[in-house]
1. Would you mind finding the one in Leu263, Leu313 that is at pLDDT below 90 and buried (at least 24 other Cβ atoms within 10 Å of the Cβ)?
2. Which condition does Arg286 not pass, out of (1) within 22 Å of Thr131 (Cα to Cα); (2) charged (D, E, K, R); (3) in contact with a Gly (Cβ under 8 Å, 6 or more places away or on another chain), if it passes all the others?
3. From the list Val192, Val206, Val184, which one is more than 28 Å from Leu376 (Cα to Cα), modelled with pLDDT of 80 or more and β-branched (Val, Ile, Thr)?
4. Restricting attention to region 339-360, which residues are surrounded by 24 or more Cβ atoms within 10 Å (Cβ to Cβ) and under 20 Å from Ala438 (Cβ atoms)?
5. Out of (1) closer than 16 Å to Ala312 by Cβ; (2) surrounded by fewer than 21 Cβ atoms within 10 Å (Cβ to Cβ); (3) modelled with pLDDT under 80, the odd one out for Gly109 is which?
6. Which of the residues belonging to region 303-341 are among the aliphatic types (A, V, I, L, M) and part of a helix (DSSP H, G or I)?
Amino acid sequence: MKRSLLWFIAAASITAVLHFTNDYAITNLSPLTLIILRWITLTPLFVFGIQKKSVTTWILIMLIAGFEFGYDFKNIAINLKILSEIFLLLIKAIIAPLIFGTLVTGIAGHPDLKQVGRMGLKAIIYFEIVTTFALIIGLTAINISKAGVGVAIPQSGTLPEIPKPQTVHDLILHIFPENIARSVAEGQVLQVVVFTILFAIGLSMVSEAKRRPMLAFCESLSETMFKFTNIVMYFAPFAVFGAVSYTVAEFGTGIFANLLKLLLTLYVALISFIVLVLIPVMLLFRIPIKKFFKAVSEPFIIAFGTASSESALPIAMENMEAFGVPRKIVSFVLPTGYSFNLDGSTLYLALASIFVAQAGNIHMSIGEQIVMLLTLMLTSKGVAGVPRASLVILSGTVASFGLPAAPILLILGIDALMDMARTSVNVFGNCLASAVVARWEGELDDKAKFGKQAIDGNLPGRK
């Protein structure tokens, strides 16, 4: 396997040299020859994937191959978005029954209702502290880089639909389901969680004879949905390939040149957030860092490749349980975090809002930026329930502060690449939140060994 990687590095080096000499007219290779050389370079990676037999490995390989395919074969790649759409539809079919089964089993199977309330309070406290740091880092990063200063504002284009400003009243009402079937159909994760918690509490209050059949059903349902996830995960590499191919074909690689500064600002800010906030949290709560990174790597990569938190939820729940977090905590904290702990999205919103002001040549004082930060702390909690998520919330925030909406057109050009980064950090942060709450509750199993035998019926090819 190491030999395959060495062959890839050698082939990539030779191909890079040939591209360089071709650019400076030292050699005269045709475009077709260069395409063939690039795909020959990728061949050792495919050999490595066959030898490794790991879904995670194939996701990484297909991410790279998807970028190359989208660059070389734009007319075909533009139609490959359907692969990621199929995957997302299958994942969405899993989420509601998985949450229902695991959460009912976790609460009603261990009817300590005080612990449920205690977990909820601890989770909310943690969510608010961490997302506040995310907002501060986002504001700091964009004020240092000044990525929006001197940007030419586009004068035409289609902006995302700006939603009505959400009041505190609206946000609170949005938490509670009016019709559970509609909540499931619309993918309102938080409403499903609230319904399930109330259902589980009600179930824990009935007699043992009546509770046992429903508990058995929910246990069977959750185990079945984990097996369902195993099957769907075989398709994940193809979904990532399709998503990346489509992104490159649709937006091209020129977007890196046009908005590279903004893109780099976001990526540096997100990395800084992980290093300066999340890793110290791991040290503070004695979370084994190496083991945690191994457990979270697969859902992180899936979220990055598909730009969808939902696509990573089932495998994130499964991996964190194997990591040593009890199912009752995983099934409560992770879905709840999808509405209250979107670290990457809140950081992006802070950064993008100031970028819009800079692009519009509008100076915002520190006081005004703090007010915007406090506003985003509230409005970002509605991200999960709004189509186009962060970009639409950004439009609403910009309108609320009287900033020009036109710079959002610039962000639209690279939103897919920004979405990949912020979504993967959302997943990373939520996985860590489940481990932190488990440690806080004194229930994190330090002896659990994440790996091939960590889960009964583990995902295919996991090493």
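The values are calculated or read from the model by the stated rules, or taken from the named source; none is laboratory data. What you are looking at is a predicted structure, and each value in this text was computed from that prediction instead of being measured. Virtual Cβ from ideal backbone geometry, glycine too; neighbours counted across all protein chains shown.
1. Going through Leu263, Leu313 in turn, just one is at pLDDT below 90 and buried (at least 24 other Cβ atoms within 10 Å of the Cβ): Leu313.
2. The one condition Arg286 does not meet is (3).
3. Numbers: Val192 fails: more than 28 Å from Leu376 (Cα to Cα); Val184 fails: more than 28 Å from Leu376 (Cα to Cα).
Result: Val206 is the single residue among Val192, Val206, Val184 that is more than 28 Å from Leu376 (Cα to Cα), modelled with pLDDT of 80 or more and β-branched (Val, Ile, Thr).
4. Within region 339-360, Asn341, Asp343 meet the criteria.
5. Of (1) closer than 16 Å to Ala312 by Cβ; (2) surrounded by fewer than 21 Cβ atoms within 10 Å (Cβ to Cβ); (3) modelled with pLDDT under 80, only one is false for Gly109: (1).
6. If we filter region 303-341 for residues that are among the aliphatic types (A, V, I, L, M), which is where we start, we get 303, 307, 312-313, 315-317, 320, 322, 325, 329-330, 333-334.
Answer for region 303-341, where residues must be among the aliphatic types (A, V, I, L, M) and part of a helix (DSSP H, G or I): Ala303, Ala312, Leu313, Ile315, Ala316, Met317, Met320, Ala322, Ile329, Val330, Val333, Leu334.
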